[in-house]
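Take a look at the structure below.
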Amino acid sequence: MPAADEVPLIATLLTNRALAPVVFAAWDRGDAVLPLNPSLPRAQIDALIAQARPTHLLDVDGMHALPDGQPVPADTAAIVCTSGTTGGPKAVELTRRGLDAMGHGVSAAIGVTDADRWLACHPLFFVAGLAILGRSWVTGVPVTVHDGFDVERVAASPRDDGVTVVSVVPTTLRRLAQSGALGAFRAVVVGGAPLPAPQRVDALATGVEVYDAYGLTETWGGCVTNGFPNAGVEARLLVDGEVALRGAPVMRGYRYDRERTAAALTDDGWLRTGDVGALDREGRLSIVDRLKDLIISGGVNVSPTEVEGVLADHETIADVCVIGEADDEWGERVVACVVVRDDAQPPTLDELRALVRDALGAPAAPKELRLMSSIPRSPSGKPLRRTLRSGS
């Protein structure tokens, strides 16, 4: 049994529409949730459970107590697993205080009122989706949940469900704009990757209000709107230009990972984001580049190191480096730069896509294969990714 200052941590393996009421009920009880992607390979799910040590697992067969599970501090709302550029997944501890601040902060920044209704059409096991539930739970503004992004259904949602506000990534914003239905929404919140200026202009021309959201899993998702920190959030640049954020939405830390927590959080509560930014004279923040090599494809974070680890096991590959390239459809596409063992027997892109998809899921699967004579590396053996990108 949890102590008085602890609560159960319930891991879930459910689709969006089944998961939403479970999350609301858990928060109503005071429990914490650990939403996991039910489509991940079983070995990866088991590894995440072993890392985060939830007390229970809820799947399509019901609730199961886990013998090695550990409760969490009572102010925990959720643990969301993510992957960095290196070192594998991190279990991000998000608090109820942060949930409350995020819910009210985002809603105020984009002018949400009782007349609005949110649409959640992206996975709830990512913080961007879970945060939409959080905004609804905190403010009482209703939410409609779809099991995934289907452009026809999303386009019809203002008419069919009374939806007024939707959160998307640039890829899905483009598809929604092409459907001709974007103007049926009052507001659209765009996150996951920078929104290209021409795409923003085209969206505004439909009459919809467009809000750029910046944030991380470690900040309960978007905590900076149109370049300005939401209420209760501070932003500054460190000496090297790295963006640092502080405030209630910032995570408590990484579960059972003191080393990476200490590396990410300063003693006075600033989160090192790994992003390089700039501040204009009005204090508006813009993201210039990433210190990390994380690839953001279709709004999903992809670790090139993890993809390289999978591809390196292919019998035809002698060396490999994975990079992200700018892509009109996906924001960035995953590109596998490969040195083969035998020039006469190179792998096919379909082979490599299947290998990565089975191990890490579809977003990590390469969309382009480049055959190389060698991979440029630093004296310490690290791949020099920037030299492989177009225009370098």
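Cα gyration tensor of the stretch 295-388, axes a ≥ b ≥ c as square roots of the eigenvalues: rounded (a/c below 1.5), prolate (a/b > b/c) or oblate?
Judged from the Cα gyration tensor, the stretch 295-388 comes out oblate (a/c at least 1.5, b/c at or above a/b).
Apply the a/c threshold of 1.5 to the C-alpha gyration tensor of the stretch 1-40 and tell me whether it is rounded, prolate or oblate.
oblate
Using modelled backbone amide H atoms (1.01 Å from N, in-plane), which distant-in-sequence or interchain residues come within less than 5 Å of Val276's amide H?
Residues meeting the amide H criterion: Val243, Val288, Asp289, Arg290, Leu291.
Once Lys and Arg get +1 and Asp and Glu get -1 on their Cβ, which of Thr261, Gly283, Pro54 lies farthest toward the positive end of the dipole of the chain?
Farthest along the dipole direction, towards plus: Gly283.
What list of ³J(HN,Hα) couplings, whole Hz, do you get for the stretch 101-112 from phi and the Karplus terms 6.51, -1.76, 1.60, once you set θ to phi - 60° and write x for glycine and proline?
5, 4, x, 6, x, 5, 4, 5, 5, 10, x, 5
What distance in nm separates the two pseudo spin-label positions at Ala197 and Arg284, each 7 Å out from Cα along the beta-carbon direction?
1.1
Of the DSSP beta bridges with both residues in the chain, give the percent that are antiparallel, rounding to the nearest 5.
DSSP beta bridges in the chain are roughly 65 percent antiparallel.
Spelling out what I want: for every residue of the stretch 60-76, take phi, set θ = phi - 60°, compute 6.51 cos²θ - 1.76 cosθ + 1.60 (Karplus), and round to whole Hz; glycine and proline get x.
3J(HN,Hα) across the stretch 60-76, in whole Hz: 5, 8, x, 8, 10, 6, 9, x, 9, x, 10, x, 10, x, 4, 8, 7.
For the stretch 14-21, in order, what is each residue's ³J(HN,Hα) by Karplus, 6.51 cos²θ - 1.76 cosθ + 1.60 with θ = phi - 60°, in whole Hz (x at glycine and Pro)?
Couplings: 9, 6, 3, 5, 6, 6, 3, x Hz.
Assuming 0.890 mPa s and 25 °C, estimate D for the stretch 6-289 with Stokes-Einstein, Rh taken as the Kirkwood radius over Cα pairs, in µm²/s.
It comes out at roughly 127 µm²/s.
How large is the Rg to Rh ratio of the stretch 99-196 when both quantities use alpha carbon positions and Rh follows Kirkwood?
0.93
Tell me whether the stretch 292-333 comes out rounded, prolate or oblate; compute the Cα gyration tensor, take square roots of the eigenvalues as a ≥ b ≥ c, and use a/c under 1.5 as the rounded threshold.
prolate
What is the distance, in nm, between label points placed 7 Å from the Cα along the Cα-to-Cβ direction at Ala4 and at Gln70?
In this crude label model, Ala4 to Gln70 measures out at 2.3 nm.
The numbers here are math on the coordinates, done by the rules we state, and not lab data. Since the model is a prediction, treat every value here as computed from it, not as a measurement. Note that we place each Cβ from the backbone using ideal geometry, even for glycine, and neighbour counts take in every protein chain shown.
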